[in-house]
Amino acid sequence: WDNADFSRGIGTTFYQEFPTLNTDKPPFVRDVEAKVRRYLRSSYSAAWTLKITWEKAPAYAARTDTWRTITYQAVLTTDGFRSYVLMLYQEGGMRWDYTRLTATNVLVGYT
């Protein structure tokens with residue numbers, strides 16, 4: 001998440017928290033639970049979920065390339081014991097020109 005550059009006023013970041021312990025779960029949280037269950041083949045019931053969306057984010061340094069923006073999300077979720085992160089990218093994936101980034105060892109995802 002650290003190579004996005006919003007200094008030129010291009011792009012937006014949104015977040016939404018879903019505290020769902022002892023409450024009805026909205027469709028988004030039910031979808032996250034279904035993804036965790038499907039990919040990890042385990043039971044999962046979210047107690048808390050956070051969705052962060054970077055919309056039309058330009059790569060650092062935005063002063064040199066503002067037309068190749070991307071939209072992506074990170075969804076953090078936990079049941080209080082286990083925690084997961086879903087990394088979601090717009091169709092077409094990462095569209096930044098990584099050859100123009102200051103770091104050459106780029107990674108999509110997390111380690």
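Laboratory data are not the source of any read-out in this text; all were calculated from the coordinates shown. Remember, it's a predicted structure, so these values are computed and weren't measured experimentally. Note that each Cβ is placed from the backbone with ideal geometry, even for glycine, and that neighbours are counted across all protein chains shown.
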Next item on the list: Would you mind telling me which numbered condition in (1) farther than 30 Å from residue 68 by Cα; (2) surrounded by 15 or more Cβ atoms within 10 Å (Cβ to Cβ) residue 22 fails?
Entry: (2)
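Run down 17, 33 and say which single residue is acidic (Asp, Glu) and within 16 Å of residue 88 (Cβ to Cβ).
Going through 17, 33 in turn, the sole match is 33.
Being aliphatic (A, V, I, L, M) and more than 20 Å from the chain's Cα centre (by Cα) is the filter here; which residues of region 6-50 pass it? Don't jump to the end; show me each part of the working.
At the first step, the residues of region 6-50 found to be aliphatic (A, V, I, L, M) are 10, 21, 29, 32, 34, 36, 40, 46-47, 50.
Listed by number, the list holds a single entry, 21.
Can you tell me which residue within region 25-60, out of those that are of a type in the set (S, T, N, Q) and surrounded by 13 or more Cβ atoms within 10 Å (Cβ to Cβ), is farthest from residue 3 (Cα to Cα)? Explain how you work it out, then say what you get.
From region 25-60, those of a type in the set (S, T, N, Q) are 42-43, 45, 49, 53; that's our starting set.
Filter once more, keeping what is surrounded by 13 or more Cβ atoms within 10 Å (Cβ to Cβ): 45, 49, 53.
Details: 45: 33, 49: 24, 53: 15 Å.
Applying the filter and picking the extreme gives 45.
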